[in-house]
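Below: one structure, written as structure tokens.
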Amino acid sequence: MDQRQLFVDWLAEQGIAGSEERLLFSHGAQHGIMLALLATGCVGETILCEGLSYPGLLGNARQLKSQVVGLAMDEEGLLPEALEAACRQRRAKLLYLTPTLQNPTTAIMSPARREAIIALARRHDLLIIEDDVNGLLPETPLTPLVNLAPERVIYLGSLAKIACGGLRVGFLLAPPALRAAFAQAMRLSSWMVSPLLIELACKLVSERQVMALIAQQRQVLTRRGELLRHLLPGARWQPGSMHAWLPLPEPWRSQEFAQAADALDVGVASGEHFAAGQFAAPQGVRLSLSQPATDAKVAEGLDRLAGLLRAAPPANSLL
Ligand SMILES: Cc1ncc(COP(=O)(O)O)c(C=O)c1O
């Protein structure tokens, strides 16, 4: 069977509606983001996104001299009223967002919030990049934005994040009107993803190994989520999430907490690292639960962070 059709059928089984003509393979979702920025002609333009956003998007935008505008969020992610206000204030044609297990806050948009964002995108004629790299990780996935508005949503997914880190195969669904622009961006950036690599990905899909790998990953993450609940009960985590968000108590600032954790040999990412444009990042840090090799390592790291929270920040750390 055709490689693209096989992926489209597999995506349909997961509740993601696409078609063979709209599907393109990429070198992972990071490459998918770059293709989307090139294909939509957003070089030098304004890009709207969540106030705390994926640093890979922020880096790409900066490299392309595009200005990112970070918008206010709540526990479901992007706030529709913040999007509405931004669209009234400035001319923007592109919105990037991660509706499921947002990076770094772990927020998941409810169906009602998804509908509201799509209604606004239609009213203000916005294209949306839906970064869904974590979309298949929750036990019951939510309807992706692309199902609601295939004419304006660029859907990005990747096997690298959810199933097999070494297999850098991403898949994207492009709106029909942008199909030729995506094909051009692909040709000029790398000709194509190696068909041999795609064949390996297809083998994983057709042998039904992808969902088995995701299920395995969920189990590991559930155990680690439990450790988090015991050791750092203030952290925010949702089932399936590879990361957690730890809001910091007074008087900690995220940068100094990240430095203090680093001194204890525990890597955390300061909220500032994710701040889009001049968005005022809340004082918090992102913890990776998937990176450490063993549960014991996760527990050890969380225990050190809990100890740090019980202690006051060093008096001179801001000097
Ligand atoms: C939100 C988000 N998008 C995209 C990527 C990049 O995905 P890939 O490894 O498939 O390039 C990541 C990786 O961490 C991510 O967190």
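The values are calculated or read from the model by the stated rules, or taken from the named source; none is laboratory data. The structure presented is a predicted model; accordingly, all values stated were derived computationally and were not measured. With ideal geometry, Cβ positions are generated from the backbone for all residues, glycine too; neighbour counts draw on all protein chains shown. Side chains are part of the model used for accessible areas, which takes the heavy atoms of the whole protein and leaves out ligands, DNA and RNA. Shrake-Rupley method; radii C 1.70, N 1.55, O 1.52, S 1.80 Å.
One table, with the values for the structure above:
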item	result
Candidates Ala299, Ala293 - the one that is open to solvent by less than 70 Å² (accessible area, probe 1.4 Å) and either within 21 Å of the chain's Cα centre (by Cα) or in the same structural domain as Leu221 (by TED's automatic domain parsing) (or both)	Ala299
Helices (runs of 4 or more DSSP H) fully within the stretch 83-183 counting 3 or more residues that are of a type outside the set (Gly, Ala, Ser), open to solvent by 10 Å² or more (accessible area, probe 1.4 Å) and at pLDDT 95 or above	111-123
Residues located in the stretch 260-283, provided they are open to solvent by 50 Å² or more (accessible area, probe 1.4 Å) and of a type in the set (A, V, I, L, M, F, W, C)	Ala263, Leu264, Phe279, Ala280
Every pair of residues 6+ apart whose Cβ atoms lie under 7 Å, when the first sits in the stretch 228-253 and is open to solvent by less than 60 Å² (accessible area, probe 1.4 Å) while the second is of a type in the set (Lys, Arg)	Gly240/Arg218; His243/Arg286; Ala244/Arg236; Trp245/Arg236; Trp245/Arg286
Cβ pairs under 8 Å, 6+ apart, first in the stretch 7-28 and without any contact (Cβ under 8 Å) to a residue 40 or more places away in the chain, second more than 16 Å from the ligand (Cβ to nearest atom) and not hydrophobic (A, V, I, L, M, F, W, C)	Val8/Gly18; Val8/Ser19; Val8/Glu20; Ala12/Gly18; Glu20/Asp2; Glu20/Arg4; Glu20/Gln5
Identity of the residue in the stretch 151-189, touching a residue at least 60 places away in the same chain (Cβ under 8 Å), of a type outside the set (A, V, I, L, M) and under 28 Å from Gln217 (Cβ atoms), that ends up farthest from the ligand (Cβ to nearest atom)	Tyr155
Among residues of the stretch 32-47, those that are within 16 Å of the ligand (Cβ to nearest atom) and open to solvent by less than 10 Å² (accessible area, probe 1.4 Å), counted	6
Selection within the stretch 56-66 - at negative phi and loosely packed, with under 15 Cβ neighbours inside 10 Å	Gly59, Arg62, Gln63
Wholly enclosed helices (runs of 4 or more DSSP H) of the stretch 184-282 bearing at least 3 residues farther than 30 Å from Gly15 by Cα	209-231, 254-263
Only one of Arg286, Arg304 that is open to solvent by 50 Å² or more (accessible area, probe 1.4 Å), in a helix (DSSP H, G or I) and of a type in the set (Lys, Arg)	Arg304
Among the candidates Leu231, Leu318, Leu302, residue that is among the aliphatic types (A, V, I, L, M), modelled with pLDDT under 95, more than 21 Å from Met73 (Cβ to Cβ) and in contact with a helix residue (DSSP H, G or I) (Cβ under 8 Å, 6 or more places away or on another chain)	Leu318
Failed item, numbered, when Asp132 is tested on (1) away from the ligand (no atom under 14 Å from the Cβ); (2) under 24 Å from Arg187 (Cα atoms); (3) of a type in the set (D, E, K, R)	(1)
